[in-house]
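Report on the structure given below.
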Amino acid sequence: MNRLLALATFAAAILFAASPFFTSGFKGFEGNQFPVPQIDPAVQPAGYAFSIWGPIYLWLIAGTGFGLFRRADAITWTSSRPALFISLAIGATWIAVAQISVIWATVQIWLMLIAALAAFVRASDDDAWWQREPIGIYAGWLTAASSVSIGLVLAGYGYTTQDIAAYVSLSIALIIAVAMQKACPKSLSYPIAVIWALVGIVVSNLEPLNTSVVALCAVGIGYLLIGLIKARNN
């Protein structure tokens, strides 16, 4: 059973990484996908930030491949695999769904996040750079991306303004990120992925300058960096 699950997780990682090749890719939702068009939304990172998917895909394939070929029956690997498999299996169709429906893509990415976080907290410190850290970078980016989706839905469907939507979604992301950093303080990849997303949001809000959104991101970046430094010193 362990080998079968290891194989399924590896296959899901490959399908997940291959999904952009079967679509036109994804660099954020298009403004016209919303009833209230979202042109340069305050909550969405700059386009370059989405390049993190390259390392995420490659690291997940490498990590699940190592788990399959070198640690298929290892007890320390069994706890994280079911949740990771679920997240990756859902993620294999996410880009296609995101190009059709913002609402369903938002639901889907939150399911991906919940499963990824479950895998992250269950991952062992053994073989951390093959097991925990690939999940960490994936879960970290999803923490930001799923929260961004909430902000886009709030503003894009006219529930609130773009700035208020950004405050709400960033607050959600930071609450989750801080909780996960405390739960898994040894992880480097998780907070770094969240910081990468926050820097991307800062860049997208520099011109014109959105002081409040930049300031909130800066607070989050600072807090996560302090957590990283403390974890390295312990």
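The values are calculated or read from the model by the stated rules, or taken from the named source; none is laboratory data. From a predicted model like this one, the values you see are computed outputs, not experimental measurements. Please note: Cβ atoms are built from the backbone with ideal geometry, for glycine as well, and neighbour counts cover all protein chains shown. These area figures cover heavy atoms from the full protein model, side chains too; ligands, DNA and RNA do not enter into them. Shrake-Rupley method; radii C 1.70, N 1.55, O 1.52, S 1.80 Å.
When restricted to residues that are under 13 Å from the mean Cα position of the chain (by Cα) and over 24 Å from I75 (Cβ atoms), segment 85-113 contains 9. Of the residues I103, I90, the single one that is modelled with pLDDT of 95 or more and open to solvent by 20 Å² or more (accessible area, probe 1.4 Å) is I90.
Suppose we keep only residues that are open to solvent by less than 10 Å² (accessible area, probe 1.4 Å) and over 10 Å from the mean Cα position of the chain (by Cα) within segment 127-142. Which one would you say is nearest to S79 (Cα to Cα)? The residue in question is Q131.
Among the residues making up segment 69-100, those that are of a type in the set (V, I, T) and closer than 10 Å to A115 by Cα are I86, I90. What about V107, is it touching a residue at least 12 places away in the same chain (Cβ under 8 Å) and of a type in the set (V, I, T)? No. Screening I175 with (1) free of Cβ contacts under 8 Å to residues at least 60 places away in the same chain; (2) in contact with a Pro (Cβ under 8 Å, 6 or more places away or on another chain); (3) open to solvent by 20 Å² or more (accessible area, probe 1.4 Å) gives one miss only, at (2). Number of residues in segment 179-218 that are closer than 22 Å to I52 by Cα, of a type outside the set (K, R) and open to solvent by 80 Å² or more (accessible area, probe 1.4 Å) equals 3.
Could you tell me whether S80 is modelled with pLDDT under 95, open to solvent by less than 40 Å² (accessible area, probe 1.4 Å) and within 24 Å of M1 (Cα to Cα)? Steps first, answer last, please.
Working: modelled with pLDDT under 95: no; open to solvent by less than 40 Å² (accessible area, probe 1.4 Å): yes; within 24 Å of M1 (Cα to Cα): yes.
Here the answer is no, as S80 does not meet what is asked.
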